[in-house]
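Student: Have a look at the structure that comes next, please.
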Amino acid sequence: KMAMVFQDALSSLNPVLTVGEQLGEMFTTHQGMSKKDSRIKAVELMERVRIPAAAERVKQYPHQFSGGMRQRVMIAMAMALEPALIIADEPTTALDVTVQAQVMDLLAELQREFNMGLILITHDLGVVADVADKIAVMYAGRIVETSPVHEIYKNPAHPYTKGLLQSIPRLDQKGQELYAIKGLPPNLLHIPPGCAFNPRCPMAQDICRTDVPPLAKVSPDRASACHFWKETLGE
Ligand code: SF4
């Protein structure tokens, strides 16, 4: 019912098995299919994710594929058993921007075609804006803001989200110093008391250093884990 696309296809695929063997294994293991039939299914899957000359390339090893094509193989593997949900963990990190766009388009298209849920884990807010309906921003292992995607870009309800958005370089702001959130992410073994973001937050007050803010509703479809979400929203 669930499948995962990992971020680094080269280290996720088995280097000593052909791509066809790895795709086919999904069908032999889970559906008891013969090796011959599973090979046919592997070629179909490769065609579905638009890998050219699939019938030939099914016999090749992962190192014989480009980064983008390897990621397509990972997507094909995740799609094999037609799951209800795909979790894609930074699926485009190692790829250049053009290939990144192609892989994201492919994921979005397959998601629509097969009516699957897609959870995309990423630090790239540009990718999120294109693909997602809803966004959950996490800090130190905890969700700090949830929102329909476009509202978060217009008016974030958590200072961390605000800092992330401010950190994106903009073409219309040439000559200005790039913004960065001060400090470093916390050591997860020693999370600061109160709000985990307090040592880095420009809005932190005394309560932030003692009380963990709950994830509170700020509107029917939005929530923020900040004591001062109203001020962050400018209300
Ligand atoms: S609770 Fe305080 S420290 Fe945490 S994000 Fe809100 S203002 Fe900043």
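The values are calculated or read from the model by the stated rules, or taken from the named source; none is laboratory data. Worth saying up front: this structure is predicted, and the values here are computed from it rather than measured. Please note: Cβ atoms are built from the backbone with ideal geometry, for glycine as well, and neighbour counts cover all protein chains shown. Surface areas here come from the heavy atoms of the whole protein model, side chains and all, with no ligands, DNA or RNA. Shrake-Rupley method; radii C 1.70, N 1.55, O 1.52, S 1.80 Å.
Student: So, K162, is that one open to solvent by 40 Å² or more (accessible area, probe 1.4 Å), without any contact (Cβ under 8 Å) to a residue 12 or more places away in the chain and in the same structural domain as N187 (by TED's automatic domain parsing) or not? Explain how you work it out, then say what you get.
Tutor: Details: open to solvent by 40 Å² or more (accessible area, probe 1.4 Å): yes; without any contact (Cβ under 8 Å) to a residue 12 or more places away in the chain: no; in the same structural domain as N187 (by TED's automatic domain parsing): yes.
No, not satisfied.
Student: Give me the residue from region 29-68 that is under 29 Å from R112 (Cβ atoms) and among the hydroxyl-bearing types (S, T, Y) and, out of that set, surrounded by the most Cβ atoms within 10 Å (Cβ to Cβ).
Tutor: Filtering region 29-68 for residues that are under 29 Å from R112 (Cβ atoms) and among the hydroxyl-bearing types (S, T, Y), the one surrounded by the most Cβ atoms within 10 Å (Cβ to Cβ) comes out as S38.
Student: Could you list, in sequence order, the residues of region 132-188 that are part of a strand (DSSP E or B) and either away from the ligand (no atom under 12 Å from the Cβ) or over 26 Å from I87 (Cβ atoms) (or both)?
Tutor: K134, I135, A136, M138, I143, T146, S147, P148
Student: Among the residues of region 204-235, what is the count of those that are open to solvent by 90 Å² or more (accessible area, probe 1.4 Å) and more than 10 Å from the ligand (Cβ to nearest atom)?
Tutor: Of the residues in that region, 5 qualify.
Student: Search region 121-173 for residues being among the basic types (K, R) and more than 17 Å from the chain's Cα centre (by Cα), and hand back the single one that is modelled with the lowest pLDDT.
Tutor: Per the stated criteria, the residue is R170.
Student: Quick check on region 193-203. Is at least one of its residues open to solvent by 60 Å² or more (accessible area, probe 1.4 Å) and at pLDDT below 95?
Tutor: no
Student: Could you say whether any residue in region 85-100 is part of a helix (DSSP H, G or I), surrounded by 15 or more Cβ atoms within 10 Å (Cβ to Cβ) and touching a residue at least 24 places away in the same chain (Cβ under 8 Å)?
Tutor: The answer is yes, given that some residue of region 85-100 is part of a helix (DSSP H, G or I), surrounded by 15 or more Cβ atoms within 10 Å (Cβ to Cβ) and touching a residue at least 24 places away in the same chain (Cβ under 8 Å).
Student: Can you tell me which condition V131 does not meet? The list is (1) open to solvent by 40 Å² or more (accessible area, probe 1.4 Å); (2) closer than 30 Å to F228 by Cα; (3) among the β-branched types (V, I, T); (4) without any contact (Cβ under 8 Å) to a residue 40 or more places away in the chain, and all the others hold.
Tutor: (1)
Student: Do any residues in region 221-235 that are under 14 Å from I143 (Cα atoms) and outside any loop (DSSP other than H, G, I, E, B) have Cβ atoms under 9 Å from those of residues that are open to solvent by less than 50 Å² (accessible area, probe 1.4 Å) and within 8 Å of the ligand (Cβ to nearest atom), where the two are at least six apart or on different chains, and which pairs are they?
Tutor: Within 9 Å, the pairs are A223/W229; S224/V144; S224/H158; S224/P213; S224/T232.
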